Amino acid sequence: QVQLVESGGGLVQAGGSLTLSCAAFGRSFSTAYMAWFRQAPGKEREFVATINWSGGSTYYAVSVQGRFTISRDNAKNTVYLQMNSAKPEDTAVYYCAASRGGISWSRRGSRDEYNYWGQGTQVTVSS
C-alpha cells in the first residue's frame, strides 16, 4: 500500500514558476510509474505528465510540453513537477498518482493505469 502526499501548491503570477512535490510513503517497488493529473473547476481530471522508475521515460500533455518538467528522486521517494511560464489556464487542483507496477505504455495518460492517488494541491495562476 502507498500513501501519496502533495505539497508546493499556491498562488503564482502568470509567467512565473512553481514546483510541486509528491512524497510516497510505502514500498519503493509500488511506485513504478508516477504521474501528475489536474482538474480545473467545471472540467474533467486531465493528464499532465508521467515518469517511470528510472526517470528514463517521460511523457507530457501537449498543453504543458516545453513548460513543465517531471522528475523523481527515488532516494527521497519523491516526484516533482516544475512549472515554468505558468498560464492562467494552468489553474487547477493538481493530483499525484502512482502505479503498483508496470503499465501499458499506450495508456500512460489514462487515469485507469494508476492505483494510488494523493489528496491534491491547489495551484492558482493570476493574471
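Since every read-out is calculated from the coordinates, none of them should be taken as a lab result. None of the values given here were measured: they were computed from a predicted structure. Note that we place each Cβ from the backbone using ideal geometry, even for glycine, and neighbour counts take in every protein chain shown.
Rounded to the nearest Å, what's the spacing between the alpha carbon centres of region 110-127 and region 7-40? Just the number, please.
7
Please give me, ordered by residue number, the GluC sites (Glu not before Pro) of region 1-93 that lie in loop per DSSP and have at most 11 other Cβ atoms within 10 Å. The partial results should precede the final answer.
Working: sites: GLU6, GLU44, GLU46, GLU89; in loops: GLU44.
In loop regions of region 1-93 (DSSP not H, G, I, E or B), the sparsely surrounded GluC sites (Glu not before Pro) are GLU44.
Taking the mean number of other Cβ atoms within 10 Å as a proxy for protection, how do you rank 77-85, 105-113 from highest to lowest? Intermediate values should be presented prior to the final figure.
Values: 77-85: 19.6, 105-113: 13.6.
Ranking the peptides 77-85, 105-113 by packing returns 77-85, 105-113.
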